[in-house]
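Written below as structure tokens is the structure these notes are about.
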Amino acid sequence: QVQLVESGGGLVQPGSSLRLSCRVTGSRFSINEMGWHREAPGKQRELVARIARISSGGSIEYGPSAKGRFTISRDKNILSLQMDNLEPEDTGVYYCHITTRSPAGIFDDYWGQGTQVTVSS
């Protein structure tokens, strides 16, 4: 059973930093893409950042709100998100997301339970 366990959320003041981590266990197949998505109060879930497999080039895509302030990285089955200069608008639940690919070419995707990030003075 694939499990994604996020950690690192919390309550911080504007201008602070946080580092989120997501550990993936139980996947029988290669992890393809890994990413972070955010669900702010009253808004739809949106992409924060995602990163492709390192063996495929490890290309990175950032959502508009993350550019220049957040850094995504992955090391085997661990995904990280370094968030600097946090703003109140960054408040929300952050979800880890992965896609897997079987040898037969079948893709699947999984979500973590989410970790709360609150930026407030």
Note to self: Which chymotrypsin sites (Phe, Trp or Tyr not before Pro) in region 18-65 sit in a loop by DSSP (not H, G, I, E or B) and have at most 11 other Cβ atoms within 10 Å of their own Cβ?
What the structure shows: none
Next item on the list: Between Ala104, Ala66, Ala52, find the one with the highest GNM mean-square fluctuation for the chain; connect C-alpha pairs within less than 10 Å.
Entry: Ala104
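None of the figures in this text is laboratory data; all of them are computed from the coordinates on show. The structure presented is a predicted model; accordingly, all values stated were derived computationally and were not measured. Using ideal geometry, Cβ is built from the backbone for each residue, glycine included, and neighbour counts are taken over all protein chains shown.
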